[in-house]
1. Any chance you could run the full-extension gain for Arg230 through Glu110? It's 0.36 nm times the residue separation minus the Cα-Cα distance, nm to one decimal.
2. Stretch Ala89-Ser31 to full length: gain in nm at 0.36 nm per residue minus the Cα-Cα span?
3. Evaluate the Kirkwood expression for the hydrodynamic radius of the range 170-240, namely the inverse of the mean inverse distance over all pairs of different C-alpha atoms, and round to one decimal in Å.
4. With a 1.4 Å probe and all protein chains kept in place, how do Met75, Met66 rank by accessible area, largest first?
5. To the nearest 10 Å², what's Glu19's accessible area with a 1.4 Å probe?
6. Using the Kirkwood radius over C-alpha pairs as Rh, can you work out the diffusion coefficient of the range 30-109 via Stokes-Einstein at 20 °C, viscosity 1.002 mPa s, in µm² per second?
7. Count the net charge of all other residues whose Cβ sits under 13 Å from the Cβ of Met66, scoring Lys and Arg as +1 and Asp and Glu as -1.
8. Please list 3J(HN,Hα) in residue order for the range 187-197, calculated via the Karplus relation 6.51 cos²θ - 1.76 cosθ + 1.60 where θ = phi - 60°; whole Hz, with x for glycine and proline.
Amino acid sequence: MRPELRVLVVEDESSTRQEMAALLEDMPEVSEVLVAPNGATAVRLLGTRTIDAAFLDILMPGLDGMDVARVLTVMSDPPSIVFVTASEAHAVEAFGIGAVDYLLKPIRPERLAEAVGRIAQLRNPSGHSSPAEDLHVVQIDTGRRTVFVKRDDVQFVEAQGDYVRLHTAEGTHLIRLSLSYLEEVWAAAGFVRVHRGFLIAIPWVRDLRVTSSSGLVAGTPAGDVPVSRRHGRHLRARLLEAAKRDQLGRSATARPPGTAKEQP
């Protein structure tokens, strides 16, 4: 693959900044690595250079990573955003901003490479299979075995830090992906955001109802999914549209044999 990505590392810790820059420079997808020791320097740099991706530390003095990300999102052609932090506490806010990934320190080279590969696919999909096709089947390595989960068997997806949990009729599977990434690549398959921490597959929805403990929930054979007030109207419209097209009511028993059960 010809290197194409111009990336920016914004990190106030010198050793971490140098380590990330060195790892990124060795990746075949990356053509140039720029660095900034703080948010203010990053914003000034953005005024003179075009970048494809920004790796942002969240906790920095002055302008922090979230502040820089908000500047990036209003650009006419915003770069992909990856947050890098030592804590999971900001994951929900990060993906709400539209982050492609959320990496925990200390950075593992394979996780950094995974994020770069995802960015490269999102920003230059021509000539390759689409991300949705790449994730028609999700491969999950548990250490002891490899499990293959079909996208069409997933009834809803739950964010858990920098992982997501895929809920199927026969169990759940934890994989290191971002909810916002799956929302984008699985949209064509009927997955919609119903809560800041949940996606649901429209064909699996059986009903909507109001509960005393959770408010509005969408029922699936794999369990109930909370629906926020913000997303409720859109979900109802999607369900009505799917019902008119006879695309609701996927059977929980209509599964191919050999599907793996819940993994630890």
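1. Net length gain for the segment: 39.6 nm.
2. Values: separation 58, 0.36 × 58 = 20.88 nm, distance 3.20 nm.
Full extension of this stretch gives 17.7 nm more.
3. Every distinct Cα pair counted, the radius reaches 12.7 Å.
4. Values: Met75 65, Met66 10 Å².
Sorted descending by solvent-accessible area, the residues read Met75, Met66.
5. 90
6. Values: Rh = 12.8 Å.
In µm²/s, the coefficient is 167.
7. Numbers: positive: Arg70; negative: Asp57, Asp64, Asp67, Glu93.
Net charge around Met66: -3.
8. Once rounded to whole Hz, the list reads 4, 5, 8, x, 8, 10, 6, 10, 6, 4, x.
The values are calculated or read from the model by the stated rules, or taken from the named source; none is laboratory data. The structure presented is a predicted model; accordingly, all values stated were derived computationally and were not measured. Positions of Cβ are backbone-derived with ideal geometry, glycine not excepted, and every protein chain shown enters the neighbour counts. For accessibility, only protein heavy atoms count, side chains too; no ligands or nucleic acids. Shrake-Rupley method; radii C 1.70, N 1.55, O 1.52, S 1.80 Å.
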